[in-house]
Each structure stands twice: as C-alpha cells, then as structure tokens.
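Here the structure comes first, spelled out in structure tokens, and everything after it is commentary.
Please treat every number below as a calculation from the coordinates, not as lab data. Keep in mind it's a predicted model, so treat the numbers as computed, not measured. Cβ: placed from backbone, ideal geometry, glycine included. Neighbour counts: every protein chain shown.
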C-alpha cells in the first residue's frame with residue numbers, strides 16, 4: 001500500500017470580517033498550495049458556536065468567508081470549498097476523538113485558557129473540546145498538511161497525538177483489516193490509519209499583529225477598527241489605517257536584528273515583506289535608517305495594490321449569494337464522499353455496526 005497522498009486541509013471561522021492577518025497568514029497560502037496539493041478549504045461554522053452560540057447572521061458570515069476564498073484565487077472546481085456543517089461526519093468523528101483524547105490534553109490548551117478567562121467553569125464544553133473537532137476536521141480527510149499560524153501549532157500537535165493514539169490503540173485491528181498505510185513515526189517505520197499531519201508555517205508574516213499594539217495579534221474582535229485592515233476596506237481606508245498605525249519615534253533599523261524590542265516596527269516590516277513576497281532583510285536594506293514618514297506611504301501603496309483587487313472581487317461575489325450557496329453545496333457533496341469513506345473504515349476499526 002502506498003504512503004498517504006499529499007493533501008491539505010484548512011478552515012476559517014465565520015466570525016466577523018476577515019483581515020490582513022487572515023489573508024497573509026492563511027488565505028494567500030491556501031491559494032499557493034493549490035499548485036502542489038489536493039486541497040480542502042472549509043468554513044468551519046461549527047467551530048464558530050463554541051465561544052458564542054447565538055450569532056446575528058452566521059449564514060451571511062459563512063458566505064462572506066467563502067467569497068473571500070474565491071476572490072483571493074481559490075479554485076472551487078479543481079479543489080473543494082465547503083462549510084463544515086454540511087458534512088455531519090465532522091461531528092461524528094469528533095465524538096470518537098473525544099473518547100481518544102485525554103482531559104489533561106485539553107486542559108493544557110492555551111487558547112482555551114485565554115478564551116475562557118478566569119471563569120472557566122462557565123465556559124461551554126464545546127470551547128474545551130473544540131481541538132478534538134479540529135482534529136476530526138483534518139483527519140476525516142486524512143490530510144497530510146495544514147497551513148497554520150504560530151498560535152495554532154499546539155492544536156495541530158494535539159491532532160497528531162490523537163492520530164497516534166488511535167493508530168496505537170487499534171494497531172491490531174488496522175492490520176487485520178488491511179487498512180494501514182506506511183508512515184514514519186520518529187525513527188520507526190509503522191503502518192497507521194491516520195497520518196501524523198504536518199504544519200505548514202512559512203513566510204515573513206506568519207503572525208500579523210495589531211496596528212495599534214505590536215504586542216497583540218491582529219484580531220476581528222478588537223474594538224478598534226484602526227487595529228486591523230479588513231479585506232473589505234477600500235483604498236482610502238487601507239491608506240488611512242497604515243498612516244495612523246502606531247510606531248516609535250526612531251527611524252527604521254539598518255539590520256533585521258535591530259527590530260528586536262520594537263514590536264510595531266517589526267510588525268510593519270513583516271507586513272511589507274509578506275505583501276511584497278520578499279525577505280525582511282531586503283526591506284531593511286531598502287528602508288533601513290529612513291523615518292516612518294517615508295516607509296508608511298510605500299507600505300500603504302503596496303497594501304492597496306495587493307488588497308484592493310481582492311476586496312473588489314469579494315464584493316462582486318457577495319452580491320450573488322445564490323452562487324455562493326451553489327459552490328458550498330457542490331463542495332459539500334465532494335467533501336462528504338471522502339468523509340463517508342473514512343468513517344466507514346473508522347467504524348470497522350472501532351467495531352461500530
């Protein structure tokens with residue numbers, strides 16, 4: 001039996017407007033990965049209700065994320081674009097993984113601690129268990145790679161732990177059914193049903209920070225709209241936000257090492273490098289020693305040229321919600337074919353009739 005075929009899965013929650021951090025950290029990578037992998041890109045609407053059950057327009061937000069995928073260049077004919085709740089096997093496999101994962105694993109998840117805050121007893125069970133659903137999202141399609149930001153590495157490590165425990169616990173059954181696939185686990189070559197999915201973290205701006213505070217991640221939930229560049233912002237809004245972005249009084253350093261201890265400068269240089277697809281060292285070589293009054297206009301022009309076509313196309317696609325629904329329905333059908341095949345094997349391995 002051959003090794004796992006390269007396959008990418010990733011998802012975005014439909015909560016609020018997508019911003020520059022989502023674009024650079026995820027969506028632009030999604031587009032590039034289409035050239036080398038079979039890809040499934042999912043609007044993870046089930047995840048969006050873990051921290052907040054009631055949403056004003058969850059369906060509209062789901063369509064908006066889909067429009068952003070398509071506007072950025074994801075090809076929904078060659079690859080699969082769908083929303084999570086169309087494929088019930090996500091929740092079905094998540095329940096099995098809830099029984100594989102250990103409570104201690106979940107309690108160590110830093111994002112749960114951050115989102116639950118001090119009143120953890122009042123957080124939803126879904127918020128605690130959602131990394132198990134994330135593992136199911138990925139492994140339902142036996143994905144080999146996931147493009148993730150730095151903040152999601154811990155969840156992907158949990159996905160690998162769940163896959164490995166499942167493979168170990170059911171190793172005899174997997175072998176008896178002939179469902180094992182050769183894979184490398186450390187220095188050992190073994191057969192497993194689920195792959196140990198690898199993260200794809202690359203590029204000069206894997207984590208884009210707030211334009212108002214370089215120590216905090218750019219976020220859809222930040223009360224200040226000036227803290228982020230939304231994908232729906234027009235050219236004037238983009239330029240204004242960069243012009244007002246927080247900086248320190250010193251000119252840009254003349255070496256990359258000089259960015260240390262200067263979070264706002266490091267963030268803006270990282271954004272420039274990512275948008276221009278250039279190393280940060282190149283940006284510093286060009287703008288090092290110059291004041292922000294020279295750098296910010298260049299960054300604004302670059303951001304507008306990169307993002308304005310995406311925002312224009314996104315608005316065009318959003319004007320036809322029926323077409324977005326057609327894309328999601330077709331993608332859901334294609335995703336479910338894969339999901340049903342996986343769950344058939346999982347049920348046989350576990351012993352569910």
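Roughly how many nanometres apart are two label points built 7 Å out from the Cα toward the Cβ at residue 219 and residue 337?
According to this spin-label approximation, the distance is 4.1 nm.
Between the stretch 272-324 and the stretch 162-222, what is the C-alpha centre distance in whole Å?
Their Cα centres are 30 Å away from one another.
Shape of the stretch 127-219 from its Cα gyration tensor (a ≥ b ≥ c, root eigenvalues): rounded if a/c is under 1.5, otherwise prolate when a/b > b/c, or oblate?
Values: a/c = 3.45, a/b = 2.35, b/c = 1.47.
Prolate is the answer for the stretch 127-219, as a/c is 1.5 or above and a/b outweighs b/c.
Which FRET efficiency value, to the nearest 0.05, is calculated for residue 107 and residue 255 with the Förster distance at 51 angstrom and r the Cβ-Cβ distance? Working shown, then result.
Numbers: r = 42 Å, r/R0 = 0.82.
Efficiency for this residue pair is about 0.75.
Provide the percentage of antiparallel DSSP beta bridges, counting only those with both residues in the chain; round to the nearest 5. Walk me through the numbers on the way to the answer.
Values: 7 of 21 bridges.
DSSP beta bridges in the chain are roughly 35 percent antiparallel.
Can you work out the PRE-style zone for residue 191? Point 7 Å along Cα to Cβ, and I want the residues of the stretch 161-175 with backbone N under 16 Å.
Only 167-175 fall inside the zone, counting backbone N under 16 Å.
Where the centroid of each part is defined by its Cα atoms, how far is the stretch 1-52 from the stretch 236-261 in Å?
Answer, in whole Å: 29.
From the C-alpha coordinates alone, can you work out the Kirkwood hydrodynamic radius of the chain, in Å?
With all distinct Cα pairs of the chain included, I get 21.6 Å.
To the nearest 0.05, what FRET efficiency results for residue 308 and residue 35 with a Förster distance of 22 Å applied to their C-beta separation? Don't jump to the answer; show the numbers that get you there.
Numbers: r = 24 Å, r/R0 = 1.09.
In this case the efficiency is close to 0.40.
Comparing 53, 252, 211, which has the greatest mean-square fluctuation in the GNM of the chain with Cα pairs linked when under 10 Å apart?
The residue that fluctuates most here is 53.
Using the Cα atoms of the stretch 161-305, I'd like the radius of gyration and the largest Cα-Cα distance, Dmax, both in angstrom.
Just the Cα atoms of the stretch 161-305 yield Rg and Dmax of 22.4, 68 Å.
Angle check, please: helix 292-318 long axis (alpha carbons) against the longest principal axis of the chain (alpha carbons), in degrees 0 to 90, nearest 10.
With both axes taken from Cα atoms, the answer is about 50 degrees.
Multiplying the sequence separation of residue 282 and residue 184 by 0.36 nm and subtracting their Cα-Cα distance, what value in nm do you get?
Details: separation 98, 0.36 × 98 = 35.28 nm, distance 3.75 nm.
The span from residue 282 to residue 184 would gain 31.5 nm if fully extended.
With springs only between Cα atoms under 10 Å, which of 44, 269, 190 fluctuates most in a Gaussian network model of the chain?
190
Give me 146, 256 ranked fewest to most by other Cβ atoms within 10 Å of their Cβ, as a rough exposure proxy. Each step should come with its number before you reach the end.
Details: 146 22, 256 19.
Going from least to most buried by this count: 256, 146.
State, in angstrom, two size descriptors of the stretch 258-297 derived from its alpha carbons: Rg to one decimal place and Dmax to the nearest whole number.
9.3, 24
Could you give the length gained on full extension between residue 55 and residue 347, defined as 0.36 nm per residue of separation minus the Cα-Cα distance, in nm?
Net length gain for the segment: 101.7 nm.
With a 10 Å Cβ neighbour count serving as the proxy for reagent exposure, in which order, fewest first, do 338, 80 appear? Intermediate results must be reported in sequence, preceding the final value.
Working: 338 18, 80 22.
If I rank by nearby Cβ atoms, fewest first, I get 338, 80.
Averaging the inverse of every distinct alpha carbon separation and then flipping it gives the Kirkwood radius. What is it for the stretch 225-317, in angstrom units?
Details: mean 1/r = 0.0733 Å⁻¹.
About 13.6 Å, per the Kirkwood formula over Cα pairs.
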